[in-house]
Amino acid sequence: MALIHKDDTLGGGLILSLPEQGLYVSLKCPAEFHLLASRLLSGWSYKAVTLKKYDISVISDHKNSVVSKKYGLIGRHKDIISTFNVLLNAVAYEVTDKLEYCLLVHAAAFKKDDEHIIVVGNKKAGKSTYIVNQCSSAGECISDDLVVWDNACRIMSLGFPVRLRRPIDDGLVTKLGKQSFVAGSSLAFVNPKSVNQLPAGKWIDVSKFQLLEQKQTQSIDTAAGYKELANRTIPQPTTR
């Protein structure tokens, strides 16, 4: 996929919405990002708009800057896939800010055998790979990296695609097929259908917690699980 340059035709304004939740996020970005959003986001509605101000803008000039009206510069990348990754991060901040009594948390989650399981682990612990392996057949992916957590101890799905760092494990490529990946220079997104991605906007009661360390998972009790979530809240914008 080609890089974006300042001479490219702009895609214009777009509103991403979750009407059932009363959530609306306005974007101004080049057409390539409209295409990625339509291909990789699950459960969101789209509407072309022209506004004086947008919640989030992607400004392209040799590199692509993701700028939030509320938080300022979120990230800057040359690669379109890395930029889209930052754009998703910015959308997650906007969603959390627009909801009442909610926090953004660094955690993964999936559904299997009618249970909703949260997986916590440090950065680069392997959560995304673990989620793909759990959800490419029988499970459903809720998230591989970010969840919204409310004061009723529920989580909300954001409908974001699983993101993997390159190089991708050969076993995953064989299992899912090359066509399941949208790849950039350092990151790749997984086709939502390949991991049974849960649509955005679903509030979920948590059944179990797992801790992922050194590519091994262990069950932890509910009290320890909620403590892990509290310790992994994201208080301010940061690049995924």
*For the chain, what is the calculated [θ] at 222 nm in deg cm²/dmol (nearest 500), taking -39500 (n - 2.57) for each run of four or more DSSP H residues and dividing by its residue count?*
-7000 deg cm²/dmol
*Sequence-distant residues sharing a close amide H with residue 44 (under 5 Å, placed H)*: 200
_Could you tell me what a quarter of the Cα convex hull surface of the chain works out to, in nm² with one decimal place?_
12.4 nm²
*Principal axis dimensions, the range 79-118 - Cα atoms, whole angstrom, descending*: 38, 28, 13
*For all pairs of alpha-carbon atoms in the range 10-100, what percent lies in each bin of width 5 Å, listed from the first bin to the last filled one?*
3, 14, 28, 28, 19, 6, 1, 0
*When you have a sec, figure out the Kirkwood radius of the range 103-231 from all distinct Cα pair distances and drop it here in Å to one decimal?*
14.6 Å
*Table column - 3J(HN,Hα) (Hz), the range 81-97, Karplus curve with 6.51, -1.76, 1.60, x for Gly and Pro*: 5, 5, 5, 5, 4, 5, 4, 4, 4, 5, 4, 4, 5, 5, 4, 4, 5
*Step through the residues of the range 217-227 one at a time and calculate ³J(HN,Hα) from phi using the Karplus curve (6.51 cos²θ - 1.76 cosθ + 1.60, θ = phi - 60°), rounding each to whole Hz and writing x for Gly and Pro.*
10, 9, 6, 10, 6, 4, 4, 5, x, 5, 5
*Pop out the ³J(HN,Hα) list for the range 180-187 in order, Karplus 6.51 cos²θ - 1.76 cosθ + 1.60 with θ = phi - 60°, rounded to Hz; leave Gly and Pro as x.*
7, 10, 10, 10, x, 6, 10, 10
*asked:* If neighbour count is taken as other Cβ atoms inside 10 Å, put 165, 232 in order from fewest to most.
replied: 165, 232
*Along the positive direction of the dipole of the range 135-240 (beta-carbon charges: Lys, Arg +1; Asp, Glu -1; about the Cα centre), which of 149, 139, 179 reaches farthest?*
179
*Burial ordering of 217, 233, 83, fewest other beta-carbon atoms within 10 Å first*: 233, 217, 83
*To the nearest 0.05, what FRET efficiency results for residue 48 and residue 100 with a Förster distance of 35 Å applied to their C-beta separation?*
0.75
*Please go through the residue pairs 98/124; 127/208; 28/70; 28/98; 124/193; 112/208 and name each one whose alpha carbons sit more than 20 Å apart in this structure.*
98/124; 124/193
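Every number here is computed from the coordinates shown, using simple stated rules; none is lab data. Here the structure is a predicted model, which means the values were calculated and not measured. Positions of Cβ are generated from backbone atoms using ideal geometry, with glycine treated the same way; all protein chains shown enter the neighbour counts.
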